[in-house]
Amino acid sequence: MAAPPPPLPQPQRPLGPPPPPPGQHQWGPGPLPPPPPKPKPLAGVTESGVPFTQQGRIGIDTAAYLNTESDSAAASFNIVATVPVADHTFIEAIMPLGIAFPWGNPTVGAHHVGRVTNKLWITGGGSIGFPLIEDNDFLGQAIPRALWNAHLYASNILPLQGRFGIEWHGGIVELRGQLEPSLWIPVGRNDDVHGAFYHAIELQLGHGIGGGLRVQGVAFGPGYGEPRGSRLRSDDDYYQFALSPFFAVNRELGFLRLGLMLPIDEGLGPAFDKSWGFLFNTGLNID
């Protein structure tokens, strides 16, 4: 009986990826893998890389004050805008309004927020004011903020202000510091150069929703007496110290902050025995 014929050789499948379907041609190594997902920003930081407190926004900043000795009260109302114009660079404007006067000394300026490390930012900038108040000081409008930004309400001055800040995040903690020297150049019937040095530190627990404490001081230059503002300060006291506990909410669309202003030392304080204030600001984020 004859032997069966040998089996036919099987075609060998080439190594590598399978060939493309009929009618299609593949050139090159094929499609690239999808890019890795973009990391989420840190808590308390926007997608552009600045802290919530430093992002672009427009809103209102209000303050009210009660003198418990005389039962007198004061209030002020500021329109505030911070608009991004470049990477981490902003222009800013403050329009102070009031009840006893139509407006204060508006200011315009610019600042840059530099990210030193993943959790540390340094801010630098400055502003210039317009001397719209000519005849009378409206420094009483600065009392609700314990004389912070008093240059917005002083008469016959052209304020020049520097702005320096630092912010650090660690866990749920946010630490902030402010140094803002203000030079008051005399205009009109004013012949004296004055100034103020605003400084503050803040501790906040929580990012999107949080609370904390602000510690601030305002130091006026020598000669800040008669006839300018002596009703707020004694003859030999040029410093005002205050505490401000606060609650803050920051969301994608807007922000809100509530707080108390508690003057501590002589001048406006002690708190509740002589005076205290209530702070409220809110608005929309435009970063």
Problem - Those residues of segment 56-91 whose amide nitrogen sits under 13 Å from the label point placed on residue 256, 7 Å along Cα→Cβ - result: none
Completion exercise
Hits in segment 139-171: amide N under 15 Å from the 7 Å Cα→Cβ extension of residue 73, namely 144
Problem - Two-site label geometry, residue 95 and residue 83: point separation in nm, points 7 Å out along Cα→Cβ - result: 1.2 nm
Practice task
Report the dimensions of segment 96-174 along its three principal axes from the alpha-carbon atoms, largest first, rounded to Å.
Solution key: 49, 23, 15
Exercise for the section: Please list the non-local residues whose amide H lies under 5 Å from the amide H of residue 286, H modeled 1.01 Å from N, same-chain partners needing a gap of 5 or more. Expected result: 56, 57, 58
Problem - Heavy-atom SASA rank of 57, 251 (probe 1.4 Å, accessible area, largest first) - result: 251, 57
Problem - From phi via Karplus (6.51, -1.76, 1.60), per-residue ³J(HN,Hα) for segment 112-122 in Hz, x at Gly/Pro - result: 10, 10, x, 8, 6, 10, 4, 10, 9, 10, 10
Exercise for the section: Using a 1.4 Å probe over the heavy atoms of the protein chains, calculate the carbon and sulfur portion of the accessible area of segment 95-222 as a whole percent. Expected result: 70 percent
Fill in the blank from the handout: Taking 255, 272, 197 and ranking on accessible area (1.4 Å, protein atoms only), highest first, one gets 272, 197, 255
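The values are calculated or read from the model by the stated rules, or taken from the named source; none is laboratory data. Bear in mind the structure is a predicted one, so any value in this text is a computation, not a measurement. All Cβ positions, glycine included, derive from the backbone under ideal geometry; neighbour counts span all protein chains shown. Ligands, DNA and RNA are excluded from the accessible area calculation, which covers all protein heavy atoms including side chains. Shrake-Rupley method; radii C 1.70, N 1.55, O 1.52, S 1.80 Å.
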